[in-house]
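Participant: Below you'll find the structure I mean.
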Amino acid sequence: MDDKLTVVVVDDSATARAQFTELAGQCQGVEIVGTASDGAEAVLVVAKAKPDLVVMDVVMPNLDGLAALRILRTRVPSSRIAMASSLGGSPGRAEEAFRLGAVQVISKPFDMNQLDTLFANEREAKAQRQAGGGRS
Amino acid sequence: MSVKFFGQFLIEQGEVDAQHLRQAIEWMSTQNVDLGTLAVRHGLLTPEDTRRVHREQRRQDAPFGEIAVQLGLLAPAQVEQLLREQEKCRVRLGEALVKLGHLSEGKLGTLLDAFKTDQSAYDVSTTEMLPSSLKDSEIAAVSLDLVKKLSARLAGVVVKMAPAPSCALTGESAFNASVKIRGAQSLGLAMAADLDLAKKLGGAATAYLGKTPSRELVEDALGEFLNVVAGNAIALLERKGAHCELDPPRLGQLPQGGHCFDLVTSAGRGVLVLSK
């Protein structure tokens, strides 16, 4: 049993990916196992890496985050997905993300406290899955 | 004649030199504090509380104090007290130059009047600045306003703007990004910025840029700043029942056409381009 929380980050912004990778690198027990720069690439990367957690931007080229979320919930149900957005408070978008199966909606730019909380919750969810032998 | 800050005006008039101006600005930065810093000094907020308010400021168009009250971090009376204290300590450029002995107090009043007359053509609301083809565009007026407000709130950058016949910032010195809003109202929002301005605005939007980021990262971060502006504009319209979508930022080249606005800022120069 591997205790590390495996994560894929999906964002068309190079700065957002770099910032996330840097912050996550400072968190113990978290391993970035892949990155993608749009929704279409995310579907491929996540299907291959099957991470515990995907942190995915909403507005992206080719396939946007909500469309990718819909596909990934069906194709890779074992990966839990948190949506990230730098956009102004649009409650409708967050509600839609939760309705489609996102476990969390977080704001960008990322910050350490926010990621600490997210990773702690996801570690707990992973431990429960492993203890119960179930899926997400 | 062009849109400018008081400091530039004083240099052009030969009243102070660049070194005087730098000294005054440095002194002002030690005297003028933002509301969050003041609240932390008084033990009313923790640094994490201020970060939380700043995060929220990316999502909604409201001052620091108002959001701190909304989040239950400060009471309205505490905000009023802090604002009074902030205003009491606030030093303006003219006062700083007088204090440092670079300008006489008697001359300051005359120069401020002359500056006001020089800049009267630019002392108009953002709606009045819009060209006739965008006069009825609510999202254009809101976006122009948000560029000013969010530059100040997120990056501490003061922006003055004025319509311009064309984009005066091109070539290698220009860092470019654009976003497109579509739906109930549509607008192309593009910006060319010099390195200083792009780093300042992009750095505030992404909280990541280091000292020597690559061109790609600077333009990417500038795109994130425009994302935040457009996202806030969309949120304001959504509250009125108009639904809009945002396309991802495009980097590296400004779209053809559009109406240009020169941006003269406390951090560098830029050009904003609005198109329907």
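Participant: When the residues of segment A:1-58 are narrowed to those that are within 14 Å of chain B (Cβ to nearest Cβ), in contact with a helix residue (DSSP H, G or I) (Cβ under 6 Å, 6 or more places away or on another chain) and hydrophobic (A, V, I, L, M, F, W, C), which ends up surrounded by the fewest Cβ atoms within 10 Å (Cβ to Cβ)?
Facilitator: So the residue we want is A:L23.
Participant: For segment B:68-132, which fully contained helices (runs of 4 or more DSSP H) count at least 2 residues that are among the β-branched types (V, I, T)?
Facilitator: Because the criterion is at least 2 residues that are among the β-branched types (V, I, T), the helices (runs of 4 or more DSSP H) in segment B:68-132 that meet it are B:105-118, B:126-129.
Participant: Where residues in segment B:1-47 are assigned to a helix (DSSP H, G or I) and of a type in the set (D, E, K, R), which of them is nearest to B:Q57 (Cα to Cα)?
Facilitator: The residue in question is B:R41.
Participant: I would also like to ask the following. Looking at B:G36, B:G43, B:G14, can you tell me which residue is away from chain A (no Cβ under 14 Å), at pLDDT 90 or above and within 30 Å of B:T110 (Cβ to Cβ)? Before you say what the answer is, go through the steps one by one.
Facilitator: On the way: B:G36 fails: within 30 Å of B:T110 (Cβ to Cβ); B:G43 fails: within 30 Å of B:T110 (Cβ to Cβ).
It is B:G14.
Participant: In segment B:93-117, which residues are surrounded by fewer than 17 Cβ atoms within 10 Å (Cβ to Cβ), touching a residue at least 24 places away in the same chain (Cβ under 8 Å) and under 25 Å from the mean Cα position of the chain (by Cα)?
Facilitator: Correct list: B:L112, B:A114.
So that you can scan it fast, the table gives a plain yes or no per residue for (1) closer than 21 Å to B:A155 by Cα; (2) within 13 Å of another protein chain (Cβ to nearest Cβ); (3) modelled with pLDDT under 90:
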site	(1), (2), (3)
B:A193	yes, no, no
B:G202	yes, yes, no
B:V218	yes, yes, no
B:F225	yes, yes, no
B:R239	no, yes, yes
B:R250	no, yes, no
B:L254	no, no, yes
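Participant: Is there a residue in segment A:87-95 that is at pLDDT 95 or above, out of contact with any strand residue (DSSP E or B) (no Cβ under 8 Å at 6 or more places or on another chain) and either assigned to a helix (DSSP H, G or I) or within 14 Å of another protein chain (Cβ to nearest Cβ) (or both)?
Facilitator: No: segment A:87-95 contains no residue that is at pLDDT 95 or above, out of contact with any strand residue (DSSP E or B) (no Cβ under 8 Å at 6 or more places or on another chain) and either assigned to a helix (DSSP H, G or I) or within 14 Å of another protein chain (Cβ to nearest Cβ) (or both).
Participant: Evaluate the following for B:S29: is it surrounded by fewer than 16 Cβ atoms within 10 Å (Cβ to Cβ) and touching a strand residue (DSSP E or B) at 6+ places or on another chain (Cβ under 8 Å)?
Facilitator: Answer is no for this residue.
Participant: Just checking, does segment A:102-117 include any residue being assigned to a loop (DSSP other than H, G, I, E, B) and away from chain B (no Cβ under 14 Å)?
Facilitator: yes
Participant: From the list A:P109, A:P61, pick out the single residue that is buried (at least 20 other Cβ atoms within 10 Å of the Cβ) and more than 14 Å from the chain's Cα centre (by Cα).
Facilitator: Unique residue meeting the criteria: A:P109.
The values are calculated or read from the model by the stated rules, or taken from the named source; none is laboratory data. Source: prediction; values computed, not measured. Neighbour counts are summed over all protein chains in view; Cβ atoms, including those assigned to glycine, are modelled from backbone coordinates with ideal geometry.
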